[in-house]
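Asker: Below are the structure tokens for one structure; questions will follow.
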């Protein structure tokens, strides 16, 4: 089986539909129509003239100096391209709002010397190998900041991150799609009903820690209680907590529920390039040792234990993470989290005051709002959209000034889209709830109550 899912309402295991098809159309200048479910527009088929034929086999008689000069020209043009793209991200002239990346990279000068070394963390992070140039000590130091079932069935809410379902297909796992409540949180009543249909198989559950399409927060304690009610003992379930964006941020929020291995969870994952701002995409996964030992093997070639999927890992990312965590300290990170939350509420309130459908989940800095109508406007601001909604991720590098620039651009364009009355704001009640929808129907009903 190449991965499967449980049909909504049936609980029966069926084939997993492919998440992406080749049915995307060419973008145009027309107002988009996202009323039809399941439709989406693929990105442009992009070819940069700067890099066409840039990678070629050098001629035998080619002058080395000429080739180096040509390479310098290509790289200079690429740098200009990147700076230009960054300048136009959401019209902010500086920062990225739509994806959860922290662009406040302030460790460049201090760690520039690392580029002279190839750091390969091969094997187990806790065991020395024969690869002497590594950064294992920093990997372990970063872990100190936070604290297997072959026939198991994976349960994940329908609003989980797309890569969860991709992993199920890759590992040929049976996957059950669980319903969600308002704002994307997992529906534990529906989870229990589907657990009872597969009581003879071990259970693997993905719990979202403000992560996914709507950046919901699943109630971990309620999920654990649901497993017990369905008759699953702790030796028959595995819980993974997906904290890709807010998992680390949550530690700095008062009264927020804490993720702890004192509870019967199997693993927790955080991203290093999001809140922390590592310049390369990376993640930190913490797993109970008994689960790691079940899959690990000693490898003579590296004189260590192979305990990770990739085997080799970048040695630079742990140092960037360690440097940022220690240079700012607990108090510094706590202050930055509070600023992110405050700015996210500012954006939500501004959008709502302009009559735009908008939602902000608790313990989240991701503001969900109605998708802009103009197909050209979406790639211009490089907005991340799904169906009728788009979102802005407010990270620590996003200031009020940047948000105001984005808002002014959006409000001006929106007045043009809606000016003749032929185009109306899209109803997004099914996505973000009636109380957050500002379409004519729900706006009128709210004014009458």
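The values are calculated or read from the model by the stated rules, or taken from the named source; none is laboratory data. None of the values given here were measured: they were computed from a predicted structure. Note that each Cβ is placed from the backbone with ideal geometry, even for glycine, and that neighbours are counted across all protein chains shown.
Asker: Do you know which of the residues in the range 370-382 that are over 18 Å from residue 400 (Cα atoms) and touching a helix residue (DSSP H, G or I) at 6+ places or on another chain (Cβ under 9 Å) is surrounded by the most Cβ atoms within 10 Å (Cβ to Cβ)?
Answerer: First, pick out the residues of the range 370-382 that are over 18 Å from residue 400 (Cα atoms): 370-380, 382.
Next cut, touching a helix residue (DSSP H, G or I) at 6+ places or on another chain (Cβ under 9 Å) only: 370-374, 377, 380, 382.
Working: 370: 25, 371: 21, 372: 22, 373: 21, 374: 17, 377: 20, 380: 16, 382: 16.
Residue satisfying both the conditions and the ranking: 370.
Asker: Would the range 310-318 turn up any residue that is surrounded by fewer than 20 Cβ atoms within 10 Å (Cβ to Cβ) and under 25 Å from residue 397 (Cβ atoms)?
Answerer: The answer is yes, given that some residue of the range 310-318 is surrounded by fewer than 20 Cβ atoms within 10 Å (Cβ to Cβ) and under 25 Å from residue 397 (Cβ atoms).
Asker: Let me ask you something else. Look through the range 210-219, keep the residues that are at pLDDT below 85 and within 12 Å of residue 363 (Cβ to Cβ), and return whichever of them is surrounded by the most Cβ atoms within 10 Å (Cβ to Cβ).
Answerer: 211
Asker: Let me ask something else about it. Is there any pair with a first residue in the range 414-440 that is at positive phi and assigned to a loop (DSSP other than H, G, I, E, B) and a second that is at pLDDT below 85 and crowded, with 18+ Cβ neighbours inside 10 Å whose Cβ atoms are under 7 Å apart and which are 6 or more apart or on different chains, and what are they?
Answerer: 433/183
Asker: Now a separate question. Residues 277, 269: which one is within 20 Å of residue 245 (Cα to Cα) and assigned to a strand (DSSP E or B)?
Answerer: Going through 277, 269 in turn, just one is within 20 Å of residue 245 (Cα to Cα) and assigned to a strand (DSSP E or B): 269.
Asker: I'd like the residue in the range 286-299 that is assigned to a strand (DSSP E or B) and closer than 25 Å to residue 261 by Cβ and, out of all such residues, is nearest to the chain's Cα centre (by Cα). Full working, then the answer.
Answerer: Filtering the range 286-299 down to residues assigned to a strand (DSSP E or B) leaves 286-287, 297-299.
In the following step, the residues that additionally are closer than 25 Å to residue 261 by Cβ were identified as 286-287, 297.
Working: 286: 18, 287: 20, 297: 31 Å.
The extreme case among them is 286.
Asker: For the range 345-369, give me each residue that is assigned to a helix (DSSP H, G or I) and crowded, with 16+ Cβ neighbours inside 10 Å. Give the derivation first.
Answerer: At the first step, the residues of the range 345-369 found to be assigned to a helix (DSSP H, G or I) are 345-353.
Scanning the range 345-369 gives 346, 347, 348, 350, 351, 352.
Asker: In the range 178-209, what residues are surrounded by fewer than 23 Cβ atoms within 10 Å (Cβ to Cβ), in a strand (DSSP E or B) and under 23 Å from the mean Cα position of the chain (by Cα)?
Answerer: 180, 204 - these are the residues of the range 178-209 that are surrounded by fewer than 23 Cβ atoms within 10 Å (Cβ to Cβ), in a strand (DSSP E or B) and under 23 Å from the mean Cα position of the chain (by Cα).
Asker: Oh, and also: Condition first: more than 25 Å from residue 182 (Cβ to Cβ), under 25 Å from the mean Cα position of the chain (by Cα) and either surrounded by 18 or more Cβ atoms within 10 Å (Cβ to Cβ) or modelled with pLDDT under 85 (or both). Can you find one or more residues in the range 383-396 that meet it?
Answerer: yes
Asker: Hey, another quick one. Checking residue 397 against (1) out of contact with any helix residue (DSSP H, G or I) (no Cβ under 9 Å at 6 or more places or on another chain); (2) farther than 26 Å from residue 275 by Cβ; (3) outside any helix (DSSP H, G or I), which single condition isn't satisfied?
Answerer: The failed condition is (2).
Asker: Still on this structure, please answer the following. From the set of residues in the range 231-254 that are surrounded by fewer than 14 Cβ atoms within 10 Å (Cβ to Cβ) and in a loop (DSSP other than H, G, I, E, B), which is modelled with the lowest pLDDT?
Answerer: 254
Asker: Being at pLDDT 80 or above and not in a helix (DSSP H, G or I) is the requirement here; does residue 326 meet it?
Answerer: Working: at pLDDT 80 or above: yes; not in a helix (DSSP H, G or I): no.
No, not satisfied.
Asker: Continuing with the same structure: For the range 300-309, which positions are surrounded by fewer than 16 Cβ atoms within 10 Å (Cβ to Cβ) and either modelled with pLDDT of 80 or more or over 28 Å from the mean Cα position of the chain (by Cα) (or both)?
Answerer: 300, 301, 303
Asker: Of these, 318, 257, which one is more than 23 Å from residue 151 (Cα to Cα) and part of a helix (DSSP H, G or I)?
Answerer: Numbers: 257 fails: part of a helix (DSSP H, G or I).
Answer to the selection: 318.
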